[in-house]
Amino acid sequence: MSPTMSERYLRAFTETMTMVSVSVAIAIAFGLIFAVTLVATAPDGLYPKPKFNKAVSVVVNVFRAIPFIILLVALLPFTRFLVGTTLGTWAAVVPLSIHLIAFYTRIAQVSLNEVDHGLIEAAHAMGFRRWHIVRHVLLPEALPGIVGGMTVCVIAMINSSAMAGAVGAGGLGDLAIRYGYERYETQVLFEIIVILVVLVTTVQFGGEWLSRRVNHRR
Amino acid sequence: MLWKSAIARDDRLRTPIQEDPEPALNHIVFERIQKIYPGGVQALHEVSFEIRRGGIFGIIGRSGAGKSTLLRAINMLERPSAGRVLVDDIDVGALAEPDLVALRRRIGMIFQHFNLLSAKTVRENVGLPLKVAGVPAPEVRRRVEDLLDLVGLADKADVYPSKLSGGQKQRVGIARALVHNPEILLCDEATSALDPETTHSILDLLRDINAKLGLTVVLITHDMAVIRAICDEVLVLDGGRIVEQGEVWQVFGSPQGDATRALLRPMQHGLPADLAARLLPEPPKHGGHAVLALRFTGETHPGGVSLASVLALAPDAKLLHGGIDRIQGHAQGDLLLAVPVAAMRSAVGARFSPDALKVLGYVANDV
Ligand SMILES: Nc1ncnc2c1ncn2[C@@H]1O[C@H](COP(=O)(O)OP(=O)(O)OP(=O)(O)O)[C@@H](O)[C@H]1O
Ligand SMILES: [Mg+2]
């Protein structure tokens, strides 16, 4: 028995949410680590390592430069190695995460770099060790930007995950293409657009609210 | 008593430096300090001087003279290119990171722009230096409460810094700087962003702290009134070199360097412009007044000047302009007098030395 249309919607929605939440979680964790590494090892950072810094920065740029759909194909062997298959939702999570790590690293890096140098100096003067400065000064002070960046990431992921249909990952975007584009069922296309707009708007407002909550600068 | 609180004796806050039973007179010693910034700017040229224990030491100089560079060498926020800074005879530049961290906990610092963490409340800002040093939470809490009482901000403990005025932020900055019971307090233009009244209250607080805790205060300011109000000693820096150093009353009373005179000019009661425009080098043929400057350098009239001796110049001598300050017990300033040429007795030289009383010039008719 073939699934009803509403079952198809529910499944596509679940697939999209899985891809988005898992890859965002992975990207934020690794992106933050890379961003802190980049900021800390910068020539004027807490642990200056200019050569290492340059190398990490180049790697991040490479992944930033590759369009997602190409990255998806290029990473197929790596994906197979990691999840054992190149098809399905979990196979899509791999390129999505890697694409997003590079993106989020830069966002978080900008927020961390914007922390007033005077605060770092004051922390040194008060006898903070360097990791205290990362933990108690850099990260908390950059938090509003870090949270704001997460919102941008979630929305970017909702978009990119539509393309993951190419590896049979399913999701709302895939449903829209298969029914709306290939079978000319404009009703489906329209409904999915409405769902996506509601989703993106909710994420945007939720993110802004959270950003305001953690911002004590005014 | 607040300052005998347990934290001060906490082993974790101890540095490898042992306290002398009889501490040396000099607390901080600069030995031929040079600083060349990357890019080639030489900010300091072989600067050597000492800072006495327990005093308030001022550093003045025009913008770019190297004041901040000098101050920041004390806690190695800026490493000198050559020379040594000794704090309690310890060469600060030679310390490894853990020892430098320990030393920095004995040196508080406050900043022009306060540098409070925006993501933390007042209480968290003040307590954080103790927290990262591993002091247990209940002790941190007690100590923070004591300090907020001291700076008069007990009711703002749970407020974020963005909700405070500039003066209140600086009080938080001071509380935070004192949290480790430091022996030295460094202030880089700590009152420059504050209005005059707030400046006054912050200066009172600093003087209070200096007196109560006996800590050595080193401060940079562009405001000569700050030096006059609270400093014991002052160092004048220009182009990375020391112009002069000494007791405030001496340096302010008889400045030796051009740079010092330039810095002090706004404070002095010079000749008002309208009078200066009418001043003649010679007495007019008939009538007219002599304009005299009675100078108080701190040495010229140590016990003040009796009005009788002023009147002795001429019974109808007039006070025109000026003011006298008492700095560290020494009278300082200028008084401009007008004396009718006809009535002026030749006794000027007999009562006042030429240094103390100068004829600036003459005006025709009335002043
Ligand atoms: N990080 C830096 N890199 C390069 N040059 C610097 C740096 N910091 C200061 N300088 C230069 O060193 C000199 C002394 O600077 P410093 O900040 O010590 O002056 P200052 O007396 O504190 O001035 P101000 O009263 O304006 O604060 C200046 O010529 C300045 O341009
Ligand atoms: Mg300065």
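The values are calculated or read from the model by the stated rules, or taken from the named source; none is laboratory data. All values derive from a computational prediction rather than experimental measurement. Using ideal geometry, Cβ is built from the backbone for each residue, glycine included, and neighbour counts are taken over all protein chains shown. Note: accessible area is taken over every heavy atom of the protein model, side chains too, but ligands, DNA and RNA are not part of it. Shrake-Rupley method; radii C 1.70, N 1.55, O 1.52, S 1.80 Å.
Its alpha carbons give the protein assembly as shown an Rg and a Dmax of 34.6, 128 Å.
For B:Glu31, the solvent-accessible surface computed with a 1.4 Å probe is close to 60 Å², ligands and nucleic acids excluded. Kirkwood hydrodynamic radius of chain B, from the reciprocal of the average inverse Cα-Cα distance over all distinct pairs: 23.2 Å.
Keeping all protein chains in the complex and leaving out DNA, RNA and ligands, what accessible area do you get for B:His113 with a 1.4 Å probe, in Å² to the nearest 10? Answer for B:His113: close to 120 Å² accessible. Placing unit charges on the Cβ atoms of the charged side chains and taking the dipole of the protein assembly as shown about its Cα centre, the candidate lying farthest along the positive direction among B:Leu360, A:Met126, A:Leu87 is A:Leu87. Using θ = phi - 60° in the Karplus curve 6.51 cos²θ - 1.76 cosθ + 1.60, the 3J(HN,Hα) couplings for region A:7-17 round to 5, 4, 4, 4, 5, 4, 4, 4, 4, 4, 4 Hz; x is entered for Gly and Pro. Across region B:79-212, the fraction of Cα-Cα pairs farther apart than 27 Å, rounded to a whole number, is 22%. When only the Cβ of Lys, Arg, Asp and Glu is charged (+1, +1, -1, -1), the dipole of region B:101-247 relative to its Cα centre reaches about 780 debye. Relative contact order of region A:3-214: 27 percent, from C-alpha pairs under 8 Å at least 6 residues apart in sequence. The charge dipole of the protein assembly as shown, taken about its Cα centre with unit charges on the Cβ of Lys, Arg, Asp and Glu (plus for the first two, minus for the last two), comes to roughly 960 debye.
The relative contact order of chain B, computed from alpha carbon pairs under 8 Å that lie at least 6 residues apart in sequence, is 17 percent. Summarising the strand pairing of the protein assembly as shown, around 70 percent of its internal DSSP beta bridges are antiparallel. Using only the C-alpha atoms, the convex hull of region A:3-214 corresponds to 124 Å³ per residue. In sequence order, region B:99-105 has phi-based couplings of 6, 5, 4, 4, 5, 4, 6 Hz under the Karplus curve 6.51 cos²θ - 1.76 cosθ + 1.60, θ = phi - 60°, and Gly or Pro positions carry x.
Averaged over residues, the count of other Cβ atoms within 10 Å places the peptides B:45-51, B:57-63 in the sequence B:57-63, B:45-51, highest first. Rounded to the nearest whole Hz, the Karplus-based 3J(HN,Hα) values (6.51 cos²θ - 1.76 cosθ + 1.60, θ = phi - 60°) of region A:68-85 follow the sequence 4, 5, 6, 4, 4, 6, 5, 8, 3, x, 5, 4, 4, 4, 7, 10, x, 8, with x at glycine and proline. For B:Asp325, the residues whose modelled amide H falls within less than 5 Å of its own, excluding neighbours fewer than 5 places apart on the same chain, are B:Gln332, B:Gly333. Do the alpha carbons of any pairs in A:Lys49/B:Lys169; B:Lys285/B:Lys358; A:Lys49/B:Lys35; B:Lys285/B:Lys318; B:Lys131/B:Lys212 sit beyond 28 Å of each other, and which pairs? Pairs exceeding 28 Å: A:Lys49/B:Lys169. Normalising the average separation of contacting C-alpha pairs (under 8 angstrom, six or more residues apart) by the number of residues puts the relative contact order of region B:95-167 at 38 percent.
Other residues lying with their Cβ under 12 Å from the Cβ of B:His113 contribute a combined charge of -3, Lys and Arg counting +1, Asp and Glu -1. Shown here for region A:153-213: chymotrypsin sites (Phe, Trp or Tyr not before Pro) in loop regions (DSSP other than H, G, I, E, B) with at most 16 other Cβ atoms within 10 Å, namely A:Tyr184. Other residues whose C-beta falls under 14 angstrom from the C-beta of A:Ile33 contribute a net charge of +2, scoring Lys and Arg +1 and Asp and Glu -1.
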